[in-house]
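As structure tokens, the structure follows; a few thoughts come after it.
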Amino acid sequence: MWATAVGVARVRALESERENALFRDPLARAFAAAGGLWPSSPPLPGDEAARLRRLAVSFSIVIRTKFLDDLLLRASASGIRQVVLLGAGMDSRAYRMDWPVGTRLFEVDTAPPLDFKASVLRQEGAVARCERITVAVDLREDWPGALAAAGHDPAVPTVWIAEGLLIYLPEDAVDLLLARIGAQSAPGSRMGLTLGSRGVIERFGADAVQGSAASMWVSEMPDDPVGWLAGHGWEASCHTLRERAAAYGRPISTPPRREERPGGLISAVRR
């Protein structure tokens, strides 16, 4: 599945080239090139509906990246100095964002994407702007133990990011992940999640090409994500892609096909 992370890097590379980019990710192009997705990419399907779905997914990646960047900046401003990226993939926030002195950023993922990423980072001579610690472990295994062994301190607040991750996990695995995060989160910890909106699997995954990202989607958001997260000990706020896109100056011109509440961009605080 880590090849999907390279595809996300390509989207971020294209956004970074825009004059009015919502973020700049200087390493994204290198990740995409090393993964064979730059300067060209797989040909677009002839099906216009499929092309539009692909554009929609790319747009959502751009908006969610900006949303979580802002969340991390607020967490840092509040004094949090521990960051955990779950299923980190080709995330380069350790390199592209300005972090306060003393920030420790843990990237949790399996060994293959972390090894691929390390080779690209060496090639680029990239220098992290904080203390970056990689934790090679499968999220289906004892990742809290591996994270603790790497130096994570559950007694102090952490900001957790699960970006583009939960949609690939069955509901019981999502609940287990949230329970484990909660057990490692001191009061005042923060969390940023992206959830698959209701109906997204039907719209995008029904005729997805085998092996594509959408073909592996299995989990959508609960009907009441705020209540669901409250049950896990988090005070959450939900935002739709449409409202965040408008706030960032990238309004969606097409009218909503259905009710778009609640939203799949989640910020939460541990109480």
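The values are calculated or read from the model by the stated rules, or taken from the named source; none is laboratory data. All of these numbers come straight from a predicted model, not from anything done at the bench. With ideal geometry, Cβ positions are generated from the backbone for all residues, glycine too; neighbour counts draw on all protein chains shown. Please note that ligands, DNA and RNA were not included when accessible areas were found on the heavy atoms of the full protein model with its side chains. Shrake-Rupley method; radii C 1.70, N 1.55, O 1.52, S 1.80 Å.
Remarks
- If you go through region 131-156 and pick out every residue that is outside any helix (DSSP H, G or I) and open to solvent by less than 50 Å² (accessible area, probe 1.4 Å), you end up with 8.
- Number of positions in region 1-13 that are under 21 Å from Pro251 (Cβ atoms) and either surrounded by fewer than 17 Cβ atoms within 10 Å (Cβ to Cβ) or without any contact (Cβ under 8 Å) to a residue 12 or more places away in the chain (or both): 0
- Checking each residue in region 124-182 for being under 16 Å from Ala88 (Cα atoms), in contact with a Leu (Cβ under 7 Å, 6 or more places away or on another chain) and touching a residue at least 60 places away in the same chain (Cβ under 8 Å) picks out Val159, Trp160, Ile161, Ala162, Glu163, Leu165, Leu177.
- The residue that is modelled with the lowest pLDDT, counting only those in region 14-35 that are part of a loop (DSSP other than H, G, I, E, B) and over 18 Å from Ala128 (Cβ atoms), is Gly35.
- Filter result for the condition that a residue is in a helix (DSSP H, G or I) and modelled with pLDDT under 90, over Leu44, Leu52, Leu68: Leu52
To keep it simple, each residue is scored yes or no on (1) open to solvent by 40 Å² or more (accessible area, probe 1.4 Å); (2) of a type in the set (Gly, Ala, Ser); (3) not in a strand (DSSP E or B).
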residue: Ala75; (1), (2), (3): no, yes, yes
residue: Ala94; (1), (2), (3): no, yes, yes
residue: Pro113; (1), (2), (3): no, no, yes
residue: Arg129; (1), (2), (3): yes, no, yes
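- Within region 96-108, the set of residues being aliphatic (A, V, I, L, M) and open to solvent by less than 10 Å² (accessible area, probe 1.4 Å) comprises Leu105, Val108.
Per-residue answers, yes or no, for (1) modelled with pLDDT of 95 or more; (2) open to solvent by less than 60 Å² (accessible area, probe 1.4 Å); (3) in a loop (DSSP other than H, G, I, E, B); (4) charged (D, E, K, R):
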site	(1), (2), (3), (4)
Ser197	no, yes, yes, no
Phe204	no, yes, no, no
Asp223	no, no, yes, yes
Ser267	yes, yes, no, no
